[in-house]
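Have a look at the structure below before the remarks.
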Amino acid sequence: MKKYNPKKIEPKWRKEWEEMDVFRARDKSKKIKCYLLVEFPYPSGEGLHVGHCRGYVALDILARKKRMQGFNVLFPMGWDAFGLPTENFAVKVGIHPAIVTKRNTANFKRQEKKLGLSFDWLREIKTTDPDYYKWTQWIFLQLFKKGLAYKIKMPINWCPSCKIGLANEEVVEGKCERCGYNAVRKEREQWMLKITKYAERLIQDLELVDYPERVKIAQKEWIGKSEGWEVEFKIPNLLNSALLQKSGGKLKIPVFTTRADTLFGCTYLVLAPENPLIEQLKDKIINYKFVEQYIKESKKKIEKERLSESREKTGIELKGIKAINPVNNREIPIFVADYVLMSYGTGAIMAVPGHDQRDFDFAKKYNLPIIDVIKPTEKPTEIRVSIVKPYRNQGLSKAYEGEGVLINSGRFTGMKSEDARERITEWLIKKGLAKKATHYKLRDWIFSRQRYWGEPIPMIKCEKCGWQSVSEKDLPIKLPKVKEYRPSETGESPLAKAEKWVKTNCPKCGTLAKRETDVMPNWAGSNWYYLRYCDPKNDKKLAGDNLLKKWMPVDWYNGGMEHTTLHLLYSRFIYKFLWDIGAVPKSVGPEPYKKRTSHGIILGGGGIKMSKSRGNVVNPDEVIKNYGADTLRIYEMFMGPFEQMIPWDTKGVKGARRFLEKTWWLKEKTNNSKQITDNKELECLIHKTIKKVGDDIESLKFNTAVSALMILANELDKQEEISLVHYLLFLTLLSPFAPHITEELWERAGLKGFCCQQKWPKYDEKLIKQETINLIVQINGKVRDKIEIKAGISEEGVKDIVLKSKKMIKWIENKEIKKIIFVPDKLINFVL
RNA sequence: GCCCGGGUGGUGGAAAGGUAUACACGCAACACUUAAAAUGUUGUGAGCUUUCAAGCUCGUGUGGGUUCGAUUCCCACCCCGGGCACCA
């Protein structure tokens, strides 16, 4: 037999599979469906990364195994091809983004094919294809119709380098996520999506899905639900004033709190600089000039900067007005400070310096009264207990934020804080001064990008009629060809310069109107792509009901940990919306992905992140050239736990290749008779391996699955002669991991058909049980001996054997046996 | 600060509360070879005793606890990685 030469055999089998259409998902098959999904990649210029391969190979193994088990598997692939890097690259080298994209996807596809991934390529989709983004635009129209898309002038995070508006999620440490440039604040009209309307359901429905606990936690925290109360603080100067009348009696300050039990300790209020109340009250504010100045300063800073810049709090009092604490009618001052956010709660807080560290810091700085109203129940500190006077300005350097018993709280004094917040609010609600409220950290989603390479937002602005949606029959609104796709200095989308394209007629009144020139963000296309795979060629609907019913929901979705809070949340939101409006049949259920897993990233040598600048990027092409695709697959699965991040080790690749070499040469030892050589031990090992490999694949423990296959190969290698049956079993088990070599060996063993189309072997529970067992003998829990016995011997029997053995006599002699612990077929422990 | 991971040989890692270090890498010795590579065989946690056959002690970040028995469960702490961060 000739040497193992992956360069020759791998292309051969890929061609055969393709010609025989082996991996096609059958729309009409009666077999049970299994929809396995990997995140479709953004086809960057750098090409496929070994990190991509890890997730793809893992689900490919699963797909191959499921097919062998008789499932009708849908395992598709596509391209999330709109996006900034492509556009930036295009700007840099002066080639149109469409051409760059075409080139990059071709390269990705070539690389993926070389890995032997069993995708159904007939379902390939591309988000930049008008036939695809027609439906992305259609979804936007539906959102608009239902009032979930709206345009609003708002301060956005602006990257002066990319000249683009950024979502909060895209600003990392005050910097643009892509280029690292400092983001600034800029007012712009932006399309927004009301994801906040779905906040509650996005939390609740996590109960229905099988995601890793940490992913669920991350999503919940991102949404950030907190339940509390809105409490009203009146402004006494305004009671009966003309201003109050003008506003219809609405001029009061609502405040959101989860700690209503600390209300008696509230000594001032703080408003966010953007709070519109300040503007409304400006006639009453004596020092409005200074206040205005402060607001101007803080507006310049982007939000993240404002929060992280320094812990030192700043603010200014609104002189001339006061608020009234509803629990004790005490007059308290009002401040503006930028540590309070307009985007959370009501844009105003009640400050309780005794029991909130931020308020405490602020109160210290501006010398405001601090009142303790909660006494810790456990470990009472002497200062806390001794407080009698309501005011305290010196002493403690920290606020007590825990629970306890109320003090200085009128008739609520002595009550437990947990109960007090209910009681106090009940009382206030009766008086009409409070109501229950729930707030979320999650904000609406900025959906406009002032760029070229994205889906045009299908909206028209008419001077008379306002924003009008494009008629559905006019979709897709194709991205026009422009000469200049660089973003303009004004921050307007490059599409604004495509005058002919911009000019259109109002769908309502027919007069001259303008198209929206903003495009959608990256996420738009990836929100719903898994639906399109079910019916990729449909031109009547985003996907037909019957096919959605057939394939959805996704049974298993694997992707990167970095997408847990963005893509995963966004796509669940859009899915729910589509389900609500009936674009997805009701029977599919409210969640798109039944199960989600994520792979750990692959680090470069030395445990640092792979990056071009560090020069430690491993290119899969190189590995395949030197070792073969099967080796790469085996190594990536063997390197360590799937969900854990792990450094790449070139030496480790060798081990994977050696294993395949060994597999190759096992063929030489195989006899051609169907007779099974009588070898109980080997038989047992084989059945154990069948069980182990099968179970491990299902629970993503690929590393131990490969290890089990290696053990079996080593054992087979020790045999004088291997019977064909055993050999074929081994090949079948190995086939999902190393599909090319097993196919070749299958053929060389003189068998017809494909190895990858064999039935997945079943194990025999009876054969797994060993006949003889190494039983552990312990004295006081320490291993003193191992004895070989027949399986199934009773405690008495084992005891007899042990007590007679010379080795054990010296331990047990002259000592009293207090207790014996016996685990059948495993262990006996003598307690002396 | 908070929330998630994770600390096991020289390295990646394996262990339903029951033989700690499977499997692989690396290293060492030997075999094959003119030689090297490749391959194969053997050894490989630390320390001690030693009649060379083995035996003992210690060992899974640290300190306690539960248990006949803990890498695994509980409590406290230390270190590393990731995420979130003035969210009222």
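Annotations for the structure displayed:
- Against the list (1) under 25 Å from the mean Cα position of the chain (by Cα); (2) at positive phi; (3) away from RNA strand B (no atom under 16 Å from the Cβ); (4) modelled with pLDDT under 95, the condition A:Val617 fails is (2).
- Verdict on A:Asp764 being modelled with pLDDT under 95, acidic (Asp, Glu), open to solvent by less than 80 Å² (accessible area, probe 1.4 Å) and more than 48 Å from the chain's Cα centre (by Cα): no
- Residue satisfying all of: in the stretch A:421-446; open to solvent by 30 Å² or more (accessible area, probe 1.4 Å) and aromatic (Phe, Trp, Tyr); nearest to A:Thr196 (Cα to Cα) among these: A:Tyr440
- Out of A:Ser161, A:Ser226, one residue alone is in a strand (DSSP E or B), of a type in the set (S, T, N, Q) and modelled with pLDDT of 70 or more. It is A:Ser226.
To keep it simple, each residue is scored yes or no on (1) farther than 18 Å from A:Tyr42 by Cα; (2) in contact with a strand residue (DSSP E or B) (Cβ under 8 Å, 6 or more places away or on another chain).
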| position | (1), (2) |
| --- | --- |
| A:Ala543 | yes, no |
| A:Trp556 | yes, yes |
| A:Leu569 | yes, no |
| A:Asp580 | yes, no |
| A:Ala583 | yes, no |
| A:Thr597 | yes, yes |
| A:Ile601 | no, yes |
| A:Ser613 | yes, no |
| A:Glu622 | yes, no |
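- Among the candidates A:Ile741, A:Ile776, the residue that is buried (at least 17 other Cβ atoms within 10 Å of the Cβ), touching a residue at least 12 places away in the same chain (Cβ under 8 Å) and within 16 Å of RNA strand B (Cβ to nearest atom) is uniquely A:Ile741.
- When the stretch A:58-78 is filtered for residues that are of a type in the set (Val, Ile, Thr) and either open to solvent by 30 Å² or more (accessible area, probe 1.4 Å) or closer than 19 Å to A:Leu632 by Cβ (or both), only A:Ile61 remains.
- Hey, A:Gly750 within 22 Å of A:Met1 (Cβ to Cβ) and part of a loop (DSSP other than H, G, I, E, B) or not: yes
- Residues being under 21 Å from A:Leu632 (Cα atoms) and open to solvent by 70 Å² or more (accessible area, probe 1.4 Å) - total across the stretch A:663-673: 1
- Within the stretch A:195-239, considering residues that are within 13 Å of RNA strand B (Cβ to nearest atom) and among the β-branched types (Val, Ile, Thr), the one farthest from A:Leu148 (Cα to Cα): A:Val231
- 3 or more residues open to solvent by 10 Å² or more (accessible area, probe 1.4 Å): qualifying strands (runs of 3 or more DSSP E) within the stretch A:499-590: A:503-505, A:512-515
- Answer residue from the stretch A:186-207, given it is of a type in the set (D, E, K, R) and crowded, with 17+ Cβ neighbours inside 10 Å and is nearest to A:Asn157 (Cα to Cα) among those: A:Arg188
- In the stretch A:807-832, the qualifying residues are those that are open to solvent by less than 70 Å² (accessible area, probe 1.4 Å) and out of contact with any strand residue (DSSP E or B) (no Cβ under 7 Å at 6 or more places or on another chain), and the one that is nearest to RNA strand B (Cβ to nearest atom) is A:Val823.
- Within the stretch A:635-684, considering residues that are part of a helix (DSSP H, G or I) and among the small types (Gly, Ala, Ser), the one farthest from the chain's Cα centre (by Cα): A:Gly655
- Of all the criteria given as (1) open to solvent by less than 90 Å² (accessible area, probe 1.4 Å); (2) of a type outside the set (Gly, Ala, Ser); (3) modelled with pLDDT of 85 or more, the one not satisfied by A:Lys752 is (1).
- Residue within the stretch A:647-666 that is within 14 Å of RNA strand B (Cβ to nearest atom), of a type in the set (Val, Ile, Thr) and without any contact (Cβ under 8 Å) to a residue 40 or more places away in the chain present: yes
- The single condition from (1) surrounded by 15 or more Cβ atoms within 10 Å (Cβ to Cβ); (2) modelled with pLDDT under 95; (3) in a helix (DSSP H, G or I); (4) not β-branched (Val, Ile, Thr) that A:Ala708 fails is (2).
Residue by residue, here is whether (1) more than 9 Å from RNA strand B (Cβ to nearest atom); (2) out of contact with any strand residue (DSSP E or B) (no Cβ under 8 Å at 6 or more places or on another chain) holds:
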| position | (1), (2) |
| --- | --- |
| A:Gln757 | yes, yes |
| A:Asp764 | yes, yes |
| A:Thr772 | yes, no |
| A:Arg784 | no, no |
| A:Ser794 | yes, yes |
| A:Ile801 | yes, no |
| A:Ser805 | yes, no |
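- Check on A:Lys151, within 21 Å of A:Thr565 (Cα to Cα), touching a Phe, Trp or Tyr at 6+ places or on another chain (Cβ under 9 Å) and modelled with pLDDT of 75 or more: no
- Candidate set from the stretch A:208-230 (those that are among the hydrophobic types (A, V, I, L, M, F, W, C), surrounded by 15 or more Cβ atoms within 10 Å (Cβ to Cβ) and out of contact with any Ser or Thr (no Cβ under 6 Å at 6 or more places or on another chain)); member that is farthest from A:Arg423 (Cα to Cα): A:Val209
- Picking from residues in the stretch A:15-57 that are open to solvent by 50 Å² or more (accessible area, probe 1.4 Å) and assigned to a helix (DSSP H, G or I), the one that is modelled with the lowest pLDDT is A:His52.
- For the stretch A:548-573, the set of residues classified as under 15 Å from A:Gly589 (Cβ atoms) and either within 16 Å of RNA strand B (Cβ to nearest atom) or among the β-branched types (Val, Ile, Thr) (or both) consists of A:Val554 only.
- A:Ser587 more than 23 Å from A:Gly55 (Cβ to Cβ), out of contact with any His (no Cβ under 8 Å at 6 or more places or on another chain) and hydroxyl-bearing (Ser, Thr, Tyr): yes
- In summary, helices (runs of 4 or more DSSP H) completely within the stretch A:268-372 and bearing 1 or more residues that are open to solvent by 40 Å² or more (accessible area, probe 1.4 Å), more than 23 Å from A:Gly432 (Cα to Cα) and within 12 Å of RNA strand B (Cβ to nearest atom) occur at A:303-308, A:357-365.
- Among residues of the stretch A:111-134, those that are under 24 Å from the mean Cα position of the chain (by Cα) and open to solvent by 50 Å² or more (accessible area, probe 1.4 Å), counted: 2
- Any pair with Cβ under 6 angstrom, 6 or more apart, that starts in the stretch A:334-362 at a residue that is acidic (Asp, Glu) and ends at one that is open to solvent by 10 Å² or more (accessible area, probe 1.4 Å): A:Asp338/A:Arg306; A:Asp356/A:Ala399; A:Asp361/A:Lys313
- Condition broken by A:Ile9, with the remaining ones in (1) closer than 30 Å to A:Gly694 by Cβ; (2) open to solvent by 40 Å² or more (accessible area, probe 1.4 Å) satisfied: (2)
The values are calculated or read from the model by the stated rules, or taken from the named source; none is laboratory data. This structure is a prediction, so every number in the text was calculated from the model and none was measured. No Cβ is skipped: glycine too gets one built from the backbone with ideal geometry, and neighbour counts run over all protein chains shown. Side chains are part of the model used for accessible areas, which takes the heavy atoms of the whole protein and leaves out ligands, DNA and RNA. Shrake-Rupley method; radii C 1.70, N 1.55, O 1.52, S 1.80 Å.
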